[in-house]
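Down below is the structure, laid out as structure tokens.
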Amino acid sequence: MFITSNRVLLLERKHAMRILSIETSCDETAIAIADFTRAPTGARVNVSSHIVSSQTRIHAAFGGVVPNLARREHQQNLVPTLMSALTQAQMLAPQAPARHQAVSVILEREQYLLSLVKKHLLAIAPPPIDAIAATYGPGLAPALWVGVNFARALAELWQKPLIPVNHMAGHFFSALLQKDKKQEASFSIPSVPFPVLGLLVSGGHTELVLVKKPWHFSIIGTTLDDAVGEAYDKIGRLMGLSYPGGPALSHLAAQGDARKYHLPSPMLNTKDYHFSFSGLKTAAFYLIRGLPPATFEAERKADIAASFEKAALDVLVKKTLRAAKEYKAKTVLIGGGVSANRVLRKRLGDTLAHELPACRFLAPDPALAGDNALMIATAAYMTGMKKARNISDVRADANVVLG
Ligand code: KG4
Ligand code: ZN
């Protein structure tokens, strides 16, 4: 399918836009369908489907995400997830079976997914959507490709424009989705004052992103080694906590005393905005290994978790505050799986309220902090339809940088 510039222009001018989005960058297969409408200040979002099918249980046995298992699971889950999403949105209608030649070429490498597409999707009428959005990176290449090729196949089958979305842009915009208190499945997107500073913290990334005008991202700091979520997961695993370690470790930390142990906050006082978590991870490792197992189990676990969390969050909060001051941020937001962490939210929120009271602080609804497809649809809508591409030009890019 070829998207002419006219079609893109038409999309850009539309005030209302219904997007079907797909996220498969790691171990969640997620699909959402949402309507976006421009409002006097910002936008409104009505969600008609929002499904996250998690593979966590499958990867837990291995203590981390196994890329090829993730690829297999995405192939299995995408069609059922889409069928559920269309059913939820009341958009499932039959039609005479469509031809599958072009789709077969696109899904040449995903034969299992192709068999499910042929079995279930050819006899479904194209749903009333304006565009398809899909995460193209960063993430695990085998997982990304399944989602990208599925999105390309749907774009071909239904003759819809395809918008490739950066996963980290999705996490960034998730903070702008403010849940409507009165209306179920409705959100508003406020228009925020610039510059906006985003702290994006996930299992694969730790980034400080500066946005001076909509929506030009510039990364001013990143981790030099492990991501903060990765450090949580590794220490959680070492402590024998359930996978992924982040939520479990944080839960345990809430019962511990962070003053019992001193663990280092690497790069706390460096003048740049970069991070490093491998030294903290190693220090926690030796601390745990140095304790007799019985002592560790009985008394020290929660204290070590609390000390670890304090060391990790100290550096996130301090560097974010310093960057907010230096770049005169008017809005600070957080996003990514680790932004579900209550202590991080509270500490950063309180620190900003105290030190920069005029600065607005936004955090995602905890249910939208981890990987989901609604954030991908939101990023597609916010960053504009200019990004719509010919389907043959959309490729997965595991290492793409936000910018
Ligand atoms: O954004 P995300 O769902 O996936 C990636 O893009 O990586 O982030 C997952 C990461 C995992 O490392 C997980 O342990 C961490 O977010 N995480 C947390 C919490 N909830 C999830 N880390 C600390 N505290 C939490 N409450
Ligand atoms: Zn993520």
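Quote the FRET efficiency, to the nearest 0.05, computed for Glu184 versus Ala16 with a Förster distance R0 of 25 Å and r equal to the Cβ-Cβ distance. Taking R0 as 25 Å, the efficiency between Glu184 and Ala16 is 0.80.
What separates the Cα centres of the range 300-342 and the range 32-96 is a distance of 29 Å. Residues Arg395, Arg99 ordered from highest to lowest accessible area at a 1.4 Å probe: Arg99, Arg395. A probe of 1.4 angstrom, applied to the heavy atoms of all protein chains, finds His251 with accessible area near 130 square angstrom. In summary, the lysines within cross-link reach of Lys118, defined as a Cα separation below 27 angstrom excluding same-chain residues under 8 places away, comprise Lys160. Normalising the Debye intensity of the chain to I(0), with uniform scatterers on Cα atoms only, and taking log10 at q = 0.06, 0.07, 0.12 Å⁻¹ returns -0.25, -0.33, -0.94. Taking all protein chains together and a 1.4 Å probe, the residues Met382, Met168 rank Met382, Met168 from largest to smallest accessible area. Put simply, the amide H of Ala39, placed in the peptide plane, has neighbours under 5 Å in Arg44, leaving out anything fewer than 5 places away on its chain. For trypsin sites (Lys or Arg not before Pro), the sites in the range 222-276 that DSSP calls loop and that have at most 16 other Cβ atoms within 10 Å are Arg259, Lys260, Lys271.
Where nothing but the Cβ of Lys and Arg (+1) and of Asp and Glu (-1) is charged, how large is the charge dipole of the chain around its Cα centre, in debye to the nearest 20?
Numbers: 45 positive and 31 negative charges, 170 e Å.
Dipole magnitude for the chain comes out near 820 debye.
Compute the Cα gyration tensor for the range 90-195, then decide on rounded, prolate or oblate, letting a ≥ b ≥ c be the square roots of its eigenvalues: rounded whenever a/c is under 1.5, prolate when a/b is larger than b/c in the other cases, and oblate in all that remain. Here the range 90-195 falls in the oblate category.
Under 5 Å between amide hydrogens, built in the peptide plane, is the criterion, and for Thr222 it picks out Leu208, His274, Phe275 among residues at least 5 positions away or on other chains. Distance between the pseudo-spin-label points of Arg109 and Gln255 (7 Å out from Cα toward the beta carbon): 4.6 nm. Extending 7 Å from the Cα toward the beta-carbon at both Tyr286 and Val401 defines two label points whose distance is 3.2 nm.
Sites listed here are GluC sites (Glu not before Pro) in the range 103-169 whose DSSP assignment is loop and whose Cβ has at most 12 other Cβ atoms within 10 Å: Glu108. Each 5 Å bin from zero up to the one holding the largest Cα-Cα distance in the range 193-362 carries the following percent of pairs: 2, 9, 18, 22, 19, 13, 9, 5, 2, 1, 0. Distance between the modelled labels on Thr56 and Glu326, one decimal in nanometres: 3.5 nm (7 Å Cα→Cβ projection). Among His74, His216, the order of accessible area from largest down is His216, His74, computed with a 1.4 Å probe on protein heavy atoms.
The values are calculated or read from the model by the stated rules, or taken from the named source; none is laboratory data. Predicted, not measured: the structure shown is a model, and the values here were computed from it. Using ideal geometry, Cβ is built from the backbone for each residue, glycine included, and neighbour counts are taken over all protein chains shown. For accessibility, only protein heavy atoms count, side chains too; no ligands or nucleic acids. Shrake-Rupley method; radii C 1.70, N 1.55, O 1.52, S 1.80 Å.
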